[in-house]
Structure formats: structure tokens, C-alpha cells
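The values are calculated or read from the model by the stated rules, or taken from the named source; none is laboratory data. Please read these numbers as outputs of a predicted model, since none were measured by experiment. Note that each Cβ is placed from the backbone with ideal geometry, even for glycine, and that neighbours are counted across all protein chains shown.
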């Protein structure tokens, strides 16, 4: 029984060499789930396959008088040891003459054994211990391949494993005359996918430190002629931190800005252009300012921006300073490979910057012609076309953490570049180290080095690639990803709501700018390789937006008993934001018994609860009523949901209390008159007996104490009635 090596699912003509990485990943999963002693060597179950991979060194290029080294790996996921097994490596005397033949070689399940009739090595691979991996380098003598003419040759390795023969595939490239056309290599300088507007100091410190993803990419392009596609959100993240920026990040930015390489700016966050056009946007989304991100010391501590191509007499805006990558005038748009066709190019091609028409960087799979020109026009749009197959292989190589995967991917890229040179030796060849997940520093460096010398050419800059006469081409229609378009529409709908909500702030930009920046990051092309992570980040952001919208509200009050004709009612407004807000409390009565002040201005402090008093009058009568409370912004945008409070009206209690008070006051006056009359009578009688006088005095004291107590109770009653 013959088994083919596990392979990555791939877009047509893309990620062929990813099969090696997929094989290793699958084995790791099997190992984690394998029970001890699951199978014996002679009869393992199909659920625990041995994995075999193979790839040539040196980009698969065969050099005269130099041996060809081929690395093979065997991984054993079982507990048992695999005995030594036979290995045969074959090629062909007939090259793969066309790109379609090369496609078929990689795409045919199980490989096309008829294409590799020539054995170049037979040997025995050593045994492999349980859960072990054997890596063997084999050397093929130069004389064995000396008779092969220039071209691309299929390479096959068959391993007689315990479960049957396992096969792995690659190519050998026998170089011919180097092409005379120009070579352009595009290298993206992007950060891993992000769900927030800007990288923070901790993230920047990790990414720009030795071995970090951003440092690895910058080191890889240093000393090369690669054209840099820089995400301006990265340089902005460093600059807005000012003196708080990590030293490694400041050094990284200085190194980037002093490189002589030509470069252009990607969309902020490397946002997905095809999805934006697919959602009906006429212009790609941008951030209007980055001022809310600036630290308090930024004005004096910001790293000095690099020189720009802007006229020195023209003062740059803060946004331009923060996002400047030292690009030439004009815009270069780079939709993700495989996402854009005629519709996207037409929309982007109509845009200009400083009266300079834009350029769209497009992969060759979207071009109707089999041999598209690199510098071209599609209608009125200017287009720079890069080789999709070679670029995809370069992306796999850069992202690989496994050396055999990288070797195989670079051999594939060399093969497609060699066929392009054979077909059109004087034509310009453009490739991109396609966007991918972060790989090791060694993988990125090796990939960029290989890309900048494909087919023996020397890479040139962007200006050279886009000069001269452009050829007319026709483009295919490529539909937008409906799921991503739906996500963008949802984010934009939330943004509209949040923008209205932000009118309660003195500076709405403190909410709206981070929101737009976060939307662009969520649209980042880095999420395309992590659909699960993208869905989680999308859901988390929408949940956070709802939390923000609910951060300002009326605190639900308890039921109120209103026992006066006129008095203020007190309510509470909660503000969980870190900024003070200006509001208007709209109060509406639902019963004619009450007359309430309809609008009450509210200035709510940051992160606190603010008390608000609303004047209320009650008409004569009693009953049950309610009041509805609704917060609005100064521009009358509803903030939060309306809140209703039950009010028991007892307005006649005030009249009753007044009558009682009058009776009490009248009683006190009468008591006072009686006391006065009695004192006068005692004065007329004269000094009779001391006991009588003492008794009168005691009586007077008792009467005064009784009157005082009566007055005090009257005062208390009056106070309660007023309340």
C-alpha cells in the first residue's frame, strides 16, 4: 500500500510546500493523543502513521561539480522502534517544461510516479526509536546529475515504512542563462495580527528585541535591495510613546528609517483592502488623527521623524509625522494574495495622492493572461504584477519553523522563477515574500536572501520597476469574502453608534480614534491565517463596544413618595468612563398630577456617580404616577435606555399639615394669654402664704415646660411637612 505525505490544503498554485509543515503538525497531534503501546511494528493501525519528508538544500539548485544534498526525516509516533528501512530517490531525464506541468507535479495525489523514472540514490535509513525523529542528510554526487540540461526536474523519495511506502516530493533546478530582465522583491514589514488600535510598550519591546519578529524582518532586509511594504501603525506606535517607548523599539525605528531601501506604506494595520471595497467603500478607511494616543510628554520627547519626500516648506500634520515611513509620493495598495481582481483594482486605481495616481500591487493569479507583464495597466489603473506561485512558496518558507519545510518551499520558488526566466528571459520578474505568520529569524533571513537572487538576477527598487511603458492587461473577477464583508459592516455599524455616543465628551476623538484604529487592525491581513483567532477578536471587540455604550446611564431609583406641592427630586447618573461627560437629563411625567422640569443639564465627573436634582410640582390631589428619565447628549442623542420611576403623589398632606400647624399656634397663643392673666391675678393678691407662692411657682414652671414641649413638637411637625 502506498501513502502520500500529508499535505496542506492550498489555494490553486499556492502553499504546495506547506505539506511538509502540515505533516509535522499532524504527527504532533497524533503523538499527543496516542496511548502507550498502541501498536507493534508489524501491524500499526492507520490512525498512527509514520511521517516522511524530504527536500533538497540550496533552493534545489544543481551546481556543476557540486554535490546535491537532500535531507530526509522520519517521525515515529509509536512506542515501538522502527527498524532500518530502504529509501530510493528518483528524478527524471525530462524536465517539467511548463508551469502547468509543475503545478500538476505538486498537485497530483500520490505523485506521478511515471515522471521520475531515473534512480539517483538507493540506501537504507537507520531505525527510529519510539516517539523519535530521524533526520538524515544524503549527498548526491554531481556526476550523477551532470547530463541534465537546464530546467526544472521532479524529485521523489520513497521510504519503505512499516505501514507501506511513503513518498515525498520536491524539485531540482538546473540553472541556465540568468534572465536579463529586472527583479523586484517585496517584503512586508508587519506585526502579528492585533485586535487593538496600536501596539503597546510591552508588545513593542518583545517584537523589536533580538529574535523578535520585527527585528528579524528588519535584519533580513538589511543589505539587500528588497522593497519594503511597511505598516505605518508600527512606526506610529513607537512615536506616540515618546520617551516611554522601549529602547529596542526606538533603535528599531532608527534602523528602519536609515535603510536606503525603497518602500511604500501599507494601509494602517495592513487592513484588508478587498474586504473594504467589497463592502462598498469608495475609499479605504483611514485614521483621522492619533492625538488621543499621544503621551503628555510626547511634544518634547518624540523620537525625531525621518526626512520625508514632502516639500520642506510644507509643515507636516501630527498624523503624517506619526505614520511617516519615508515613502515616495503617491500610494501603493497591496491587497492580500488571491483576494483582489478587476473590481478592486478599478476602485483603487481611481485614487490619487498629491496628484500622483496610485499603483496596485496584484498577484498574477488575478490576471487573465498566462504571461502577464509586471508593469501594466488595467483600464485606467496602474498595476504591478507579482508571481503568485513563487511568492506563495516564499511566504511558506519565511513562516516555517521546520528546516525541511523551508528547504522545500525555497526549491519550489526557485522552480517557478526558473520557468519564468525560461519563458521570458528579458521580462521583469516581481515576487513578494508573501504575508504569513511569524517564522524564525533564520527562516526569514534565508527566504529574503533567496528571493533577492532568484534566477541569478539582482533585485532593483520600486522606481525602476514602475518606469517605462506599461503593458495593457485584463483582469479576472474575484468576489469578496462575504463573511469578512459582513464583519466589517457590523463593525462600521457599531462605530456609527459609538460616534454618536462620543458627543457627550469634550473631545469625542478619545473614543472615536481608537475605535477606527481597532477596526483597521481587526481587518488586518494577518488574521487571514488564523480564522479562529479572528472570530474571537471580532467578538471581543463588539462586546467591549457594548460595554462602553452602557458605561453612562441613569441609576435605577427606588419608588418615590411625593408629599409636597413643590420640591426637587434627586436622581443619580453613573459614568464609568475615564473622562467627564456633559449630558442632558430629559424628565417626562406620565400623569397630570405632576409638573416636572423637562430638561436638566448634567456634568458628570469621570468614574463616579453624580447626583441630579429635578424640580417637581404637584397639583392638588393624590394618586399613583410615574416619571420617565432619559439621558441625552448636548446634541440630543439618546444615551442609554430610558428609566421609569414610580411616584406616589400625596400633595394634600401639605394642606392638612398647615391646618394642624395653625391649630397648634392658636393653642399656644391661648395658653400664653391664660398664663399672663393668671400671673397678673397673683400679683394683685399680694404676698400671701409662702407655700401658696411656691405652689404657684411650681404650677407656672410646669405650664412653661408643657408649652415648650408643645412648641418643639410643633416645630418638628412643621419641618416634616415642609419636607
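Details
- Inclusion of residue 464 among residues that are part of a helix (DSSP H, G or I), in contact (Cβ under 8 Å) with a residue 24 or more places away in the chain and more than 12 Å from the chain's Cα centre (by Cα) is warranted.
- Region 440-452, subset surrounded by 19 or more Cβ atoms within 10 Å (Cβ to Cβ) and free of Cβ contacts under 8 Å to residues at least 60 places away in the same chain, residue nearest to residue 213 (Cα to Cα): 443
- Residue check, residue 152 exposed (fewer than 15 other Cβ atoms within 10 Å of the Cβ), touching a strand residue (DSSP E or B) at 6+ places or on another chain (Cβ under 7 Å) and in a strand (DSSP E or B): no
- Qualifying positions in region 230-246 - over 15 Å from residue 203 (Cβ atoms) and free of Cβ contacts under 8 Å to residues at least 60 places away in the same chain: 243
- Residues of region 226-247 satisfying the condition of being at pLDDT 95 or above and surrounded by fewer than 19 Cβ atoms within 10 Å (Cβ to Cβ): 247
- Test: residue in region 105-116 that is in a helix (DSSP H, G or I) and modelled with pLDDT of 95 or more: no
Yes/no per residue for (1) in the same structural domain as residue 217 (by TED's automatic domain parsing); (2) at pLDDT below 95; (3) in contact with a strand residue (DSSP E or B) (Cβ under 9 Å, 6 or more places away or on another chain):
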{"position": "407", "(1), (2), (3)": "yes, no, yes"}
{"position": "410", "(1), (2), (3)": "yes, no, yes"}
{"position": "417", "(1), (2), (3)": "yes, no, yes"}
{"position": "420", "(1), (2), (3)": "yes, yes, yes"}
{"position": "424", "(1), (2), (3)": "yes, yes, no"}
{"position": "442", "(1), (2), (3)": "yes, yes, no"}
{"position": "450", "(1), (2), (3)": "yes, no, no"}
{"position": "462", "(1), (2), (3)": "yes, no, yes"}
{"position": "477", "(1), (2), (3)": "yes, no, no"}
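- One residue from 563, 509 being on the phi < 0 side of the Ramachandran plot and not assigned by TED's automatic domain parsing to the domain that holds residue 600: 509
- Qualifying positions in region 496-510 - in contact (Cβ under 8 Å) with a residue 40 or more places away in the chain and in contact with a helix residue (DSSP H, G or I) (Cβ under 9 Å, 6 or more places away or on another chain): 497, 498, 501, 505, 507, 509, 510
- The listed residues are 436, 477, 392, 455, and the only one of them that is within 28 Å of the chain's Cα centre (by Cα) and not in a loop (DSSP other than H, G, I, E, B) turns out to be 392.
- Region 81-96: number of residues that are part of a loop (DSSP other than H, G, I, E, B) and either without any contact (Cβ under 8 Å) to a residue 40 or more places away in the chain or in contact with a helix residue (DSSP H, G or I) (Cβ under 9 Å, 6 or more places away or on another chain) (or both): 4
- Residues of region 98-108 satisfying the condition of being more than 38 Å from the chain's Cα centre (by Cα) and touching a residue at least 60 places away in the same chain (Cβ under 8 Å): 98
- Taking the numbered list (1) in contact with a helix residue (DSSP H, G or I) (Cβ under 6 Å, 6 or more places away or on another chain); (2) at pLDDT below 95 in turn, residue 176 passes all entries but (1).
- The residues of region 51-80 that are surrounded by fewer than 23 Cβ atoms within 10 Å (Cβ to Cβ), more than 38 Å from the chain's Cα centre (by Cα) and either assigned by TED's automatic domain parsing to the domain that holds residue 408 or not in a strand (DSSP E or B) (or both), listed by number, are 63, 64, 65, 66, 67, 79, 80.
Results for (1) over 29 Å from residue 527 (Cβ atoms); (2) modelled with pLDDT of 95 or more, shown as yes or no for each residue.
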site: 286; (1), (2): no, yes
site: 289; (1), (2): no, no
site: 295; (1), (2): no, no
site: 304; (1), (2): yes, no
site: 313; (1), (2): yes, no
site: 321; (1), (2): no, no
site: 335; (1), (2): no, yes
site: 340; (1), (2): no, yes
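- Only one of the numbered conditions (1) out of contact with any helix residue (DSSP H, G or I) (no Cβ under 9 Å at 6 or more places or on another chain); (2) in a loop (DSSP other than H, G, I, E, B); (3) in contact (Cβ under 8 Å) with a residue 60 or more places away in the chain is violated by residue 325, and that is (1).
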